[in-house]
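Data block below; observations after.
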Amino acid sequence: MRISARADYAVRAALQLAASQDGGPLKAEAISVAQEIPHKFLEGILNDMRRGGLVLSQRGGNGGYRLAKPARDITVADVIRVVDGPLVSVRGVRPPDLSYTGPAESLLPLWIALRSNVREILEGVTLADVASSHLPTDVTALTHTPEAWTNP
């Protein structure tokens, strides 16, 4: 499983906005500096997030970006889907649209199971959860084994 730089940057930008939700809008430059995201790349990401209904933009001297709804109502999955599309695809195809034959036939349920588990995690964690460092218990439990932290 690979999380793109675009998805990582988008989630980090959304978290920066979530952390300042009580204040006014944040300028893209402030988000860029705080999260060490290339400014031009961030502008494109914020535009995608605006078009996707996750952020609102405001022009002017006091302008900038803010979340379109409370951080508790936006999941990590929502952010990733807006900037990268489906959470899990195989060669750019969603698993239900695939078909395999012969000894590869059982790959389809494997990819579906993978997608189900990725959804369960990413749809179950909100920006508020991450910004407050209070991940759901079932997510935190997955990090308790040493194997979770090592690459095979």
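The values are calculated or read from the model by the stated rules, or taken from the named source; none is laboratory data. Computed from a predicted model, the values in this text were never measured in an experiment. Virtual Cβ from ideal backbone geometry, glycine too; neighbours counted across all protein chains shown. Surface areas here come from the heavy atoms of the whole protein model, side chains and all, with no ligands, DNA or RNA. Shrake-Rupley method; radii C 1.70, N 1.55, O 1.52, S 1.80 Å.
Taking 0.36 nm per residue of separation and subtracting the current Cα-Cα distance, fully stretching the chain between Val118 and Val90 would add 8.7 nm. D by Stokes-Einstein for region 1-53, Kirkwood Rh over Cα pairs, 4 °C, 1.567 mPa s: 115 µm²/s. Remark: relative contact order (the chain) = 24 percent; criterion is Cα-Cα distance under 8 angstrom and separation of 6 or more residues. Could you check how much of the accessible area of region 36-143 is carbon and sulfur, as a whole percent, using a 1.4 Å probe? Summing carbon and sulfur atoms, their accessible area is 52 percent of the total for region 36-143. Let's test the formula: R0 of 41 Å, r as the Cβ-Cβ distance of Asp97 and Thr143. What FRET efficiency results, to the nearest 0.05? Efficiency, rounded to the nearest 0.05: 0.80. The calculated P(r) of the chain, using every Cα pair and 10 Å bins from 0, goes 10, 35, 31, 17, 6, 1, 0 in percent. Rolling a 1.4 Å probe across the protein heavy atoms gives the chain an accessible surface of 62 Å² per residue.
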